[in-house]
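Take a look at the structure below.
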Amino acid sequence: MSAGVPLDPTQRAGLERLNDFLSSGGGVLRVARLGGLGVGHVLVIYPPDPTGRVDDWVAEHVLDDQVDPRAAADELCARHSALMTDLLVVPGHRRRGIGRVLVLDAVEIARQTAAAELALFVAKDNDPARALYDQLGFLVHRDAGAQLRYVYSLSSTISGA
């Protein structure tokens with residue numbers, strides 16, 4: 001255990017569920033490290049299983065901020081989308097290309113899953129992230145309330161790589 005801030009029981013339970021989800025093969029968490037320190041991460045969730053059901057952990061902890069989480073889950077299933085979420089770069093390490101590397105890695109991970117596309121949701125006011133996604137060839141698929149749903153077709157080649 002790290003010597004950082006202690007986790008409350010809810011946080012601990014959430015991390016245990018995330019570990020269970022990742023251990024079951026539902027996705028991958030990539031961590032960017034510089035000099036042994038974690039400076040960023042991204043979670044890539046594989047396309048829903050052939051039954052067309054989104055994992056409960058994804059529905060409860062990833063899609064829970066969507067206007068209609070069930071519709072968002074159904075859309076992932078119908079479009080056979082992998083989902084990129086929780087992209088974060090530590091503030092002191094931003095604007096150094098770490099986010100770009102993590103996004104490009106997420107695209108390659110999604111491509112290896114045979115997903116049709118890589119989807120993500122981003123706040124409408126997150127201009128730096130939106131500029132990166134636009135530069136890399138992601139397209140705005142739809143308005144999702146306070147967020148936009150971007151998609152990257154995995155039959156495409158990456159722009160600006």
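Just so you know, all these numbers are worked out from the coordinates, no wet-lab data involved. Keep in mind the model is a prediction, meaning the values are calculated, not measured. Cβ atoms come from the backbone with ideal geometry, glycine included; neighbour counts cover every protein chain shown.
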Since Ser155 meets every condition but one in (1) among the hydroxyl-bearing types (Ser, Thr, Tyr); (2) crowded, with 19+ Cβ neighbours inside 10 Å; (3) in contact with an Asp or Glu (Cβ under 9 Å, 6 or more places away or on another chain), which condition does it not meet?
-> (2)
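Of the residues Leu83, Leu102, Leu88, Leu120, only one is touching a residue at least 60 places away in the same chain (Cβ under 8 Å), under 26 Å from Val54 (Cα atoms) and of a type outside the set (Val, Ile, Thr); which? Give the derivation first.
Working: Leu83 fails: touching a residue at least 60 places away in the same chain (Cβ under 8 Å); Leu88 fails: touching a residue at least 60 places away in the same chain (Cβ under 8 Å); Leu120 fails: touching a residue at least 60 places away in the same chain (Cβ under 8 Å).
Sole residue among the options that is touching a residue at least 60 places away in the same chain (Cβ under 8 Å), under 26 Å from Val54 (Cα atoms) and of a type outside the set (Val, Ile, Thr): Leu102.
Scan region 56-67 for residues that are outside any helix (DSSP H, G or I) and in contact with a Gly (Cβ under 9 Å, 6 or more places away or on another chain) and jot them down. Full working, then the answer.
Initial filter on region 56-67 (outside any helix (DSSP H, G or I)): 62, 66-67.
Within region 56-67, Gln66, Val67 meet the criteria.
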Filter result for Leu88 (surrounded by 15 or more Cβ atoms within 10 Å (Cβ to Cβ), in contact with a His (Cβ under 6 Å, 6 or more places away or on another chain) and in a strand (DSSP E or B)) | yes
Options Arg70, Arg142; residue that is exposed (fewer than 12 other Cβ atoms within 10 Å of the Cβ) and part of a strand (DSSP E or B) | Arg142
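Scan region 24-43 and give yes if some residue there is outside any loop (DSSP other than H, G, I, E, B), of a type in the set (S, T, N, Q), under 21 Å from the mean Cα position of the chain (by Cα) and over 15 Å from Met84 (Cα atoms), otherwise no.
The first filter runs over region 24-43 and keeps only residues outside any loop (DSSP other than H, G, I, E, B), leaving 27-34, 37-43.
Cutting the leftovers down to of a type in the set (S, T, N, Q) gives us none.
No, the conditions are met nowhere in region 24-43.
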Restrict the check to region 16-29 and report whether at least one residue is free of Cβ contacts under 8 Å to residues at least 12 places away in the same chain and under 18 Å from Tyr133 (Cα atoms).
-> no
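Limited to region 27-84, what total is found for residues that are aliphatic (A, V, I, L, M) and within 23 Å of Gln11 (Cβ to Cβ)?
Kept after step one, since they are aliphatic (A, V, I, L, M), are these residues of region 27-84: 28-29, 31-32, 34, 37, 39, 42-45, 54, 58-59, 62-63, 67, 71-73, 76, 78, 82-84.
Then keep just the ones that are within 23 Å of Gln11 (Cβ to Cβ); that gives 28-29, 31-32, 37, 39, 42-45, 54, 58-59, 62-63, 83-84.
Count: 17.
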If we keep only residues of region 9-60 that are surrounded by fewer than 12 Cβ atoms within 10 Å (Cβ to Cβ) and among the small types (Gly, Ala, Ser), then the residue farthest from Ile98 (Cα to Cα) is Ala13
